[in-house]
Amino acid sequence: MAKKKRTYPVRLVKENYSYTVEQIADLFGIDVATVRRWIKDEGLERIPKTRPFLVHSSALRAFLQKKKAKRKKSCQPHEVFCFKCQAPRTPKNGTGKIKKQPNGSLLFQAQCATCKGKINKAVKGKDWSEKHPLAAYLHNATKQHNGKHSPHRKCQLQGGDQLCLNLTPQTSA
Ligand SMILES: [Zn+2]
């Protein structure tokens with residue numbers, strides 16, 4: 001089962017309320033340990049000198065909003081997270097490859113435009129097409145192997161597992 005990204009709707013947080021760690025965990029259906037980690041490692045502010053810890057709703061909201069913004073930043077469709085830069089980066093033009101994984105999903109691999117390090121990002125097969133923002137960075141993006149000159153659905157290249165840009169979800173014609 002693929003790991004689903006959790007969301008923490010800020011609207012669930014009550015106005016002007018002091019939450020216990022357990023209440024926050026209940027609110028989002030998460031582990032108490034996760035909330036403790038937010039406090040310990042991720043900068044969620046607790047009300048000073050409370051034990052058990054209490055977190056004011058304003059601090060919780062601010063924390064969740066920041067978390068959301070951060071995640072948004074790492075999820076731009078045309079960007080790939082670079083572990084070397086520790087930031088979302090644009091791939092270097094012409095360095096992208098798309099590989100089919102044994103489990104059927106696709107892996108986009110390229111060079112980070114900033115540090116030239118290797119970056120990669122999983123792409124769902126059904127999300128992939130020549131219109132995908134990352135398709136513009138493929139090494140063959142400007143060549144004829146883009147499906148425009150050929151009706152191929154799927155083409156094997158020299159590498160063996162390179163997929164044609166024209167790979168689209170199978171639909172019954
Ligand atoms: Zn980089």
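The values are calculated or read from the model by the stated rules, or taken from the named source; none is laboratory data. Small disclaimer: the values here were computed from a predicted structure and weren't measured. Ideal geometry is used to build each Cβ from the backbone, glycine not excepted, and the neighbour counts take in all protein chains shown.
Among the residues of region 93-125 satisfying the criterion of being farther than 19 Å from Ala136 by Cβ and among the small types (Gly, Ala, Ser), which is surrounded by the fewest Cβ atoms within 10 Å (Cβ to Cβ)?
My answer is Gly104.
Take Gln86 and decide whether it is near the ligand (Cβ under 10 Å from one of its atoms) and on the phi > 0 side of the Ramachandran plot.
On the way: near the ligand (Cβ under 10 Å from one of its atoms): yes; on the phi > 0 side of the Ramachandran plot: yes.
So Gln86 passes the test.
Restricting to region 93-108, name every residue that is over 25 Å from Ala69 (Cα atoms) and within 16 Å of the ligand (Cβ to nearest atom).
The answer is Asn93, Thr95, Gly96.
Looking at Gln162, is it at pLDDT below 90, polar (S, T, N, Q) and closer than 30 Å to Lys40 by Cα? Write out each step before concluding.
Numbers: at pLDDT below 90: yes; polar (S, T, N, Q): yes; closer than 30 Å to Lys40 by Cα: no.
For Gln162, the condition - at pLDDT below 90, polar (S, T, N, Q) and closer than 30 Å to Lys40 by Cα - is not met.
Could you list all residues from region 117-127 that are in a strand (DSSP E or B) and either within 8 Å of the ligand (Cβ to nearest atom) or free of Cβ contacts under 8 Å to residues at least 12 places away in the same chain (or both)?
The first filter runs over region 117-127 and keeps only residues in a strand (DSSP E or B), leaving 118-123.
The answer is Lys118, Ile119.
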